[in-house]
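For reference, the structure discussed in these notes is given below.
Quick note: the coordinates plus some simple rules give every number you see, no bench work behind them. Note that the structure is predicted; figures quoted are calculated from it, not measured. Cβ: placed from backbone, ideal geometry, glycine included. Neighbour counts: every protein chain shown.
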Ligand SMILES: Cc1ncc(COP(=O)(O)O)c(C=O)c1O
C-alpha cells in the first residue's frame, strides 16, 4: 500500500522536497538499526489542526535518544516547533507525524561514536490503522509465537527502530495466519502488548493493563486512557496478566497512536465477551475521540494547535 506523499520533509533544520529527502546507503542507521522515533497524530478540529500530546511525544523521543547516547542537536522545543511547522507547510489537517533521530553517514562499524546525529520530520495523511470497521467491530488477534524483548536485552522503553524487528515478526505471523494483529507475551509468558499498541482488559469491573515491567512501550495513548478512565470513575490498575485471562475477560481493547482505541473481538479465535465492542470500550472511545477532535473541552491540555499563520510560510 503506497503512502500519500506530502510536499516537504523537515531534515536537519530545513524543509526539502519529499522526493529529495534521502540518506547515504552507508548511513549507520541502515546497518545497525541506530534510530529512535515517534508516531504522532494531528486531528482536524473546528479551530484548525491540533497535534495530540506533542510535548509528551517529543519528551519520549528525547528519552529514547538518551538511552542510546544520541546527542540530539536540537532542543525539545525546537523539535516541537518543527513538527507544528511541518504540518503547516504541507497544509495538512488530519495527519500522521513521524519524527526520526538517527545515526547518519561517516563510517561503518558497530562503535557509533562520531556518527552525525540527524533528525527528520515527515507529516502525511494517514487513515485508520486497522481499518474504519475495526473501531466498531474489533480486531481479531492471535498470541504471537515470538516473545517481546527480554529485560536487559533491547530496552522496550526506548522507541527504537530496532525494536520493530520484533514487531515485524509478530505482525507478519499474525497477518499471514489470517488475523489482524498479534499480542506478544513477555519472556516470562505474561501478556505484554500488541506489535504496535498497548493492551487493556476489562475484567470483573476493573480496567487492567500490563505494567512497564512487562516489556511494553509506555504508550502515550495508554496514559491518556488511564487518566480518562480514572476520571470517569472506573477502577484502573496496572497488573501482570497471565495469557489465559485474555480468553475470559469481558472486554479487551488496544490503545496507540496508530490504533487509537480499538476493541479486540477475539483472541486465538475465542470470542472476547460476546464478540461485540463492549460498553467500557465504547465509553472510552467516545471520551478519547471527543477530546482529540475538539468536540469536548481539552481539559487536560493535550492539544497543540497548529498556528494558521505558519501555513502561509
Ligand atoms: C510497541 C508499541 N507499543 C505501544 C505503542 C503505543 O504508544 P503510543 O500510545 O504512545 O502511540 C506503540 C506505538 O507507538 C508501539 O509501537
* Looking at region 134-277, send over the antiparallel percent of its DSSP beta bridges, to the nearest 5. => 65 percent
* Computed over the Cα atoms of region 222-313, what is the ratio Rg over Rh, Rh following Kirkwood? -> 1.08
* To do: Return one number: the angle in degrees, 0 to 90 and rounded to the nearest 10, between the long axis of the Cα atoms of helix 54-67 and the longest principal axis of the Cα atoms of the chain.
  => 80 degrees
* Where only C-alpha atoms are counted, convex hull volume of the chain per residue in Å³ -> 130 Å³
* Asked: Once the Cα atoms of helix 76-89 and of the chain are each reduced to a long axis, what angle between those two axes, in degrees from 0 to 90 to the nearest 10, is obtained?
  -> 90 degrees
* **Those residues of region 13-53 whose amide nitrogen sits under 14 Å from the label point placed on residue 2, 7 Å along Cα→Cβ** => 19
* Structure fact -> With the label point 7 Å along the Cα-to-beta-carbon line of residue 305 and a cut-off under 16 Å to each amide N, the hits in region 256-294 are 292-294
* Hey, how many Å between the Cα centroid of region 256-313 and the Cα centroid of region 123-173? -> 17 Å
* Structure fact -> For the chain, longest principal axis from Cα atoms; helix 279-292 axis from its Cα atoms; angle between them, nearest 10 degrees, is 20 degrees
* From the Cα gyration tensor of region 76-154, with a ≥ b ≥ c the square roots of its eigenvalues, which class applies: rounded if a/c is under 1.5, or else prolate if a/b is larger than b/c, or else oblate? -> oblate
* Structure fact -> Here D for region 1-105, in µm²/s, from Stokes-Einstein with a Kirkwood Rh over Cα pairs at 20 °C and 1.002 mPa s, works out to 146 µm²/s
* **Among 195-202, 128-135, the order from most to least packed when residues are scored by Cβ within 10 Å on average** => 195-202, 128-135
* **As computed over region 134-277, the Cα convex hull volume per residue (Å³)** => 97 Å³
* When only C-alpha pairs under 8 Å and at least 6 residues apart count, what is the relative contact order of region 134-277, in percent? -> 29 percent
* Let me have the 222 nm mean residue ellipticity of the chain computed from DSSP H runs of 4+ only, each contributing -39500 (n - 2.57), with the sum over all residues rounded to the nearest 500. => -7500 deg cm²/dmol
* Structure fact -> By the Cα gyration tensor axes a ≥ b ≥ c (a/c under 1.5 gives rounded; else a/b larger than b/c gives prolate, otherwise oblate), the shape of region 146-199 is prolate
* Structure fact -> Nearest-0.05 FRET efficiency for residue 26 and residue 188 at R0 = 41 Å, using Cβ-Cβ distance, is 0.55
* Would you mind ranking 74, 96 so that the residue whose beta carbon has the fewest other beta carbons within 10 Å leads the list? => 74, 96
* Structure fact -> Restricted to the chain, the DSSP antiparallel beta bridge percent, nearest 5, is 80 percent
